1. From the set of residues in the stretch 55-74 that are aliphatic (A, V, I, L, M) and open to solvent by less than 100 Å² (accessible area, probe 1.4 Å), which is modelled with the highest pLDDT?
2. Can you find a residue in the stretch 3-19 that is open to solvent by less than 100 Å² (accessible area, probe 1.4 Å), in a helix (DSSP H, G or I), of a type in the set (Ser, Thr, Tyr) and at pLDDT 85 or above?
3. Filter the stretch 20-53 for residues that are open to solvent by 100 Å² or more (accessible area, probe 1.4 Å) and either in contact with a strand residue (DSSP E or B) (Cβ under 9 Å, 6 or more places away or on another chain) or at pLDDT below 90 (or both) and give the result.
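The values are calculated or read from the model by the stated rules, or taken from the named source; none is laboratory data. Since the model is a prediction, treat every value here as computed from it, not as a measurement. Cβ coordinates were reconstructed from backbone atoms using ideal geometry, including for glycine residues, and neighbour counts include every protein chain displayed. Just the protein is used for accessible areas: all its heavy atoms, side chains included, with ligands, DNA and RNA removed. Shrake-Rupley method; radii C 1.70, N 1.55, O 1.52, S 1.80 Å.
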Amino acid sequence: MARNRIASGIVMVPCVLLGSAFLSIAIWGDAASDNRSLAIGIGSLLLFAGLLSLAMPGGSTEAEPKNDEPEESL
């Protein structure tokens, strides 16, 4: 089964955005002072998952023809 590029984009965009937000809060936010290591861990994991879904190799771009019909004999 080939990788679906649209589904990969749907996974990648929110992961990268949320990962960046968690890392930004961990670095610059004063509200995350008690949970800074947790925010860094979650942000790194989300950012890694988003970039991994972008980097995974895809299948062929051309659809393979399906031939379910039996061959006719002469």
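1. First, pick out the residues of the stretch 55-74 that are aliphatic (A, V, I, L, M): 55-56, 63, 74.
Now narrow it down to the ones that are open to solvent by less than 100 Å² (accessible area, probe 1.4 Å): 55-56, 63.
Numbers: Ala55: 83, Met56: 79, Ala63: 54.
Ranking the qualifying residues of the stretch 55-74, first place goes to Ala55.
2. Taking the stretch 3-19 and keeping what is open to solvent by less than 100 Å² (accessible area, probe 1.4 Å), we get 3-4, 7-9, 11-16, 18-19.
Checking the rest, the ones that are also in a helix (DSSP H, G or I) come to 7-9, 11-16, 18-19.
Adding the requirement that they be of a type in the set (Ser, Thr, Tyr) leaves 8.
Now narrow it down to the ones that are at pLDDT 85 or above: none.
So far as the stretch 3-19 goes, no, none of its residues is open to solvent by less than 100 Å² (accessible area, probe 1.4 Å), in a helix (DSSP H, G or I), of a type in the set (Ser, Thr, Tyr) and at pLDDT 85 or above.
3. Result: Ile27, Trp28, Asp30, Ala31, Asp34.
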